[in-house]
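Report on the following structure.
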Amino acid sequence: MTRPVRRVAVVTGGAGAIGGSVAATLTAADHEVVIMDRTGDVPVDLGDEGQVRAAAQRVLDQSGRCDVLVHAAAAFDRADLARLDLAVWRRVQAVNVESALLLARAFVPGMAARGFGRIIFVVSDTVWPRPQRTCCRT
Amino acid sequence: MTSKGALVALARALAVAHGPDGIAVTCVAPGLTATPAARAGMPAAAFEAVRARQALPRALVPGDVAATVAFLASDAAAALTGQVLCTDGGLVMR
């Protein structure tokens, strides 16, 4: 399907297996894909607020817009409560959650102005599924 | 993966706040997907044990996630927001 303007999709974690597959699939679906990762079209450390802000601005400068934001990047660590290192916890929250918030804040105004936006977070069903279970079993 | 729960909450908040602007916010929750990182992170036997518990006991691949993301990004998903779609082969029911 062709559209008047090709949609721009930003994919964090695009250098990884899942993000890379997302990038390829969206490219095949006629999106201009911008990969935001440690390596990629826009190199960035997603755990660094200043770098995330600058990366978002670079996307807007280079591509003019972001219509679709896919957050597939994830830092990963597991620890029990007694051994939890707060610095590691904060790093995981920064990469997984805060970067998504910062990117949404950068791109939502343009999406709203154009009246179209899609934001998609790749999460995990490994630990959270209780509400779904309830729903599936009723 | 407490941070993933935070993302689901953030998606719902953004979906409510910016739905009127034409912005849809959704989540895709993959099951145990066969990526090099996931394979390296656990023994092959444990990986197979999870796969066997799925209602659809096929190996999950990155393309399963990508196809769902592409659907959510498409005009076909115009009525969807604030949802979590699990590409987990039905593990969520077990």
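Looking at the range A:45-68, can you tell me whether even one residue there is within 13 Å of the chain's Cα centre (by Cα), surrounded by 17 or more Cβ atoms within 10 Å (Cβ to Cβ), within 8 Å of another protein chain (Cβ to nearest Cβ) and of a type outside the set (Lys, Arg)? The answer is yes; a qualifying residue exists. Scanning the range B:61-91 for residues that are farther than 19 Å from residue A:118 by Cβ, surrounded by 20 or more Cβ atoms within 10 Å (Cβ to Cβ) and more than 11 Å from the chain's Cα centre (by Cα) yields a total of 1. Screening the candidates A:61, A:85, A:67, A:37 for the property of being in contact with a strand residue (DSSP E or B) (Cβ under 6 Å, 6 or more places away or on another chain) and either free of Cβ contacts under 8 Å to residues at least 60 places away in the same chain or closer than 30 Å to residue B:78 by Cβ (or both) yields one hit, A:67.
What are the residues in the range A:108-131 that are modelled with pLDDT of 90 or more, part of a loop (DSSP other than H, G, I, E, B) and surrounded by fewer than 23 Cβ atoms within 10 Å (Cβ to Cβ), if any? Those that are modelled with pLDDT of 90 or more, part of a loop (DSSP other than H, G, I, E, B) and surrounded by fewer than 23 Cβ atoms within 10 Å (Cβ to Cβ): A:115, A:116.
Looking at the range B:16-50, which of its residues are farther than 20 Å from residue B:65 by Cβ and at pLDDT 95 or above? Listed by number, the residues that qualify are B:16, B:17, B:18, B:19, B:20, B:21, B:22, B:23. Taken together, A:92, A:11 contain a single residue that is touching a helix residue (DSSP H, G or I) at 6+ places or on another chain (Cβ under 6 Å), part of a helix (DSSP H, G or I) and touching a residue at least 12 places away in the same chain (Cβ under 8 Å), which is A:92. Return yes or no: is residue B:19 more than 25 Å from residue A:84 (Cβ to Cβ), in contact with a Cys (Cβ under 8 Å, 6 or more places away or on another chain) and not acidic (Asp, Glu)? So residue B:19 does not fit the description; no. With respect to residue A:26, determine if the residue is buried (at least 22 other Cβ atoms within 10 Å of the Cβ) and at negative phi. Against the criterion (buried (at least 22 other Cβ atoms within 10 Å of the Cβ) and at negative phi), residue A:26 qualifies. Screening residue B:51 against (1) of a type outside the set (Phe, Trp, Tyr); (2) in a strand (DSSP E or B); (3) farther than 23 Å from residue A:96 by Cβ leaves a single unmet condition, (2).
Taking into account only those residues within the range B:42-87 that are in contact (Cβ under 8 Å) with a residue 40 or more places away in the chain and over 21 Å from residue A:11 (Cα atoms), which is nearest to the other protein chains (Cβ to nearest Cβ)?
Per the stated criteria, the residue is B:50.
The values are calculated or read from the model by the stated rules, or taken from the named source; none is laboratory data. Just so we're clear, the structure is a prediction, and the values are computed from it rather than from any experiment. With ideal geometry, Cβ positions are generated from the backbone for all residues, glycine too; neighbour counts draw on all protein chains shown.
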